[in-house]
Amino acid sequence: MTSTPDVIVVGAGIVGAACAHYAARAGLRVTVLDRGPVAGGTTGSGEGNLLVSDKAPGPELELALKSAELWRELAERLPHGIEYEPKGGLVVASGEAALTALRTFAAAQEKAGVTVRDVAADRLPDLEPHLARGLAGGVHYPQDAQVMPALAATHLLRASGAEVRLGQEVTGLLTGPGGAVRGVRTASGVFHAPYVVNAAGTWGGELARLAGVLLPVLPRRGFVLVTEPLPRVVRHKVYAADYVADVASDSAALQTSAVVEGTPAGPVLIGASRERVGFDRALSVPALRRLAAGATALFPVLAGVRVIRTYAGFRPYLPDHLPAIGTDARVPGLLHACGHEGAGIGLAPVTGRIIADCLTGAQPPVDVRPFDPARFEGGTGTGAGAGAGA
């Protein structure tokens, strides 16, 4: 490196890319490190969802609403190759009880600033002509959108002008007087900076451990089915109302709920499954069968369509379903931007903006207290700065 950066971002996924982007726009010199390629982890296995529809009123919904605004701004500045598509979401209910619960949920969201539109059963075909008949009704969410996540991460990094160093696995944190961060150590050498941002996704807990602090990030596996290219048979992000409950669940067991969406390139993406099995990437036939059955129940037209590939990813899960964003009071100079579970692509811009504001002393756009990285410590801290000396 020709000069010492102001901040090192560990992780070249969508969240790390957004942190680099907004830090650079704030005038900071940024270096991004990743042990693999750009978007080689959770980002590259994501569907690209930018959702407000699946979030209950509270801190995460506040993040999502602000991030939706920032995504619209980014879509104006970044190349069209990120495939930003403000297509909206449609949540459907199979029966009257589920529809009543969905409407109650949507009414609370509307009070919190979400745009919601009730859709009667006989109006569902206006939005989705190929949707199964016999559904009780649904709710349309115009603010939901989609991007191609790997391309979005790539273009965010390129626009940032940050130095990106790939194949650099961080093995330790450099610390100075009082345990303050002074950089990181990798297998090929050391990188110095007064600030380090932990945007390591599902490995964020391991990076925190290197700093001697607790951040209990766990992987939550999910599968996606990808169909052959089709005409646009699915216009919106469409999912069954039980998806929201699955997102909020603490169960480690396999859960699936139908989530179906088309893409500009033609393939239809089918999710969503969740289970906590560590970092096991083994193909789960039961999970894939349940995904296919759920998708064809919503869209019978898909029954004769070929699935050309499947892929698995790991959502970085924290026990309270909120990400860790901001400065870590336990380790001066350490910031965290991880634990977004399945919402990291949607919440990346607001996360990057918060990190940049923390770095520069500006006022973040939302209240960051619910996302305090130290909230899991519970008075059993291991000591700031332990683990990786200078």
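Considering only protein heavy atoms and a probe of 1.4 Å, how much of the accessible area of the chain is carbon and sulfur, as a whole percent?
Details: 8230 of 15130 Å².
Carbon-and-sulfur percentage of accessible area, whole number: 54.
Per residue, how many Å² of accessible area does segment 133-184 show with a 1.4 Å probe?
Working: 1930 Å² over 52 residues.
I get 37 Å² per residue for this part.
In Å², what does the accessible area per residue of segment 1-108 work out to with a 1.4 Å probe? Provide the component values of the computation, followed by the final result.
Working: 4060 Å² over 108 residues.
Per residue, segment 1-108 has 38 Å² of solvent-accessible surface.
For T175, enumerate residues with amide H under 5 Å from its amide H, sequence gap 5+ or separate chain, H modeled in the peptide plane.
Long-range HN contacts for T175: R182, A390.
For a Förster distance of 45 Å, can you work out the FRET efficiency between the beta-carbons of R375 and A187, rounded to the nearest 0.05? Don't skip to the answer; put the middle values down first.
Working: r = 32 Å, r/R0 = 0.71.
Here the calculated transfer efficiency is 0.90.
From zero up to wherever the largest Cα-Cα distance of segment 164-308 sits, split into 5 Å bins and tell me the percent of pairs in each.
Values per bin, smallest distances first: 2, 8, 15, 14, 12, 10, 10, 10, 9, 6, 3, 1, 0.
Picking from I8, H140, L102, whose Cα lies most toward the positive end of the charge dipole for segment 1-153 (charges on Cβ: Lys, Arg +1; Asp, Glu -1)?
I8
Mind computing the radius of gyration and Dmax over the alpha-carbon atoms of segment 1-90? Å is fine for both.
15.0, 50
Work out the length of the dipole vector of segment 175-298 about its Cα centre, built from +1 on the beta-carbon of each Lys and Arg and -1 on the beta-carbon of each Asp and Glu, and round it to the nearest 20 debye.
Numbers: 13 positive and 8 negative charges, 40 e Å.
For this selection, approximately 200 debye.
Treating the Cα atoms of segment 41-144 as identical point scatterers in vacuum, please give the log10 of the normalised Debye intensity I(q)/I(0) at q = 0.14, 0.20 Å⁻¹, two decimals.
Debye output, listed in q order: -0.63, -1.07.
Across every pair of different alpha-carbon atoms, what Kirkwood hydrodynamic radius in Å does the chain reach?
On the way: mean 1/r = 0.0471 Å⁻¹.
About 21.2 Å, per the Kirkwood formula over Cα pairs.
Towards the positive end of the charge dipole of the chain, with charges on Cβ (+1 Lys, Arg; -1 Asp, Glu), say which of G88, L127, G172 has the farthest Cα.
G172
Work out the length of the dipole vector of the chain about its Cα centre, built from +1 on the beta-carbon of each Lys and Arg and -1 on the beta-carbon of each Asp and Glu, and round it to the nearest 20 debye. The partial results should precede the final answer.
Values: 35 positive and 35 negative charges, 128 e Å.
So the magnitude is around 620 debye.
For segment 294-356, what does the equivalent ellipsoid look like in terms of its semi-axes, each the square root of 5 times an eigenvalue of the Cα gyration tensor, given largest first in whole Å? Please report the intermediate quantities before stating the final value.
Values: eigenvalues 281, 27, 23 Å².
Output for segment 294-356: semi-axes of 37, 12, 11 Å.
Of G40, G13, G58, which has the largest mean-square fluctuation in a 10 Å C-alpha GNM of the chain?
G58
So what are the ³J(HN,Hα) numbers for segment 306-318, from phi and the Karplus equation (6.51, -1.76, 1.60; θ = phi - 60°), rounded to whole Hz, Gly and Pro as x?
7, 8, 8, 6, 10, 8, 10, x, 10, 7, x, 9, 10
Under the rule of at least 5 residues apart or a separate chain, name every residue whose amide H is placed under 5 Å from the amide H of G95.
A136
Considering amide H positions built from the backbone, and no H for Pro or chain starts, which residues 5 or more places from V30, or on another chain, come under 5 Å of its amide H?
D6, E163
Could you give me the ³J(HN,Hα) list for segment 280-292, computed from phi with Karplus coefficients 6.51, -1.76, 1.60 and θ = phi - 60°, whole Hz, x at Gly and Pro?
6, 9, 4, 5, 10, 4, x, 5, 5, 5, 5, 5, 5
Nearest-5 percent of antiparallel DSSP beta bridges in the chain? Don't skip to the answer; put the middle values down first.
Working: 46 of 65 bridges.
Of all bridge pairs located within the chain, approximately 70 percent are antiparallel.
Express in nm, to one decimal, how much length is gained between L254 and A282 on full extension, taking 0.36 nm for each residue of separation and deducting their alpha carbon distance. Walk me through the numbers before you get to the answer.
Working: separation 28, 0.36 × 28 = 10.08 nm, distance 1.37 nm.
Stretched out fully, the L254 to A282 stretch lengthens by 8.7 nm.
Quick one: P(r) of segment 95-199 from all Cα-Cα pairs, 10 Å bins, percents rounded to integers, in order of increasing distance.
11, 23, 17, 13, 18, 14, 2
Nearest 20 debye, what's the magnitude of the dipole of segment 104-224 about its Cα centre given +1 on Lys and Arg Cβ and -1 on Asp and Glu Cβ?
Computed about the Cα centre, the dipole is about 440 debye.
Of S273, S257, S284, which has the largest mean-square fluctuation in a 10 Å C-alpha GNM of the chain?
So, out of S273, S257, S284, the one fluctuating most is S284.
As I understand it, the dipole of the chain uses +1 on the Cβ of Lys and Arg and -1 on the Cβ of Asp and Glu, about the Cα centre. Which of F371, A293, G266 lies farthest toward its positive end?
So the residue we want is G266.
Report ³J(HN,Hα) in whole Hz for each residue of segment 56-66, in order, from the Karplus equation J = 6.51 cos²θ - 1.76 cosθ + 1.60 where θ = phi - 60°; Gly and Pro get x.
Result, ordered by residue: 6, x, x, x, 5, 5, 4, 4, 5, 5, 5 Hz.
The values are calculated or read from the model by the stated rules, or taken from the named source; none is laboratory data. Just so we're clear, the structure is a prediction, and the values are computed from it rather than from any experiment. When we count neighbours, we look across all protein chains shown, and the Cβ atoms used for this are built from the backbone with ideal geometry, even at glycine. Surface accessibility is based on the protein's heavy atoms, side chains included, excluding ligands, DNA and RNA. Shrake-Rupley method; radii C 1.70, N 1.55, O 1.52, S 1.80 Å.
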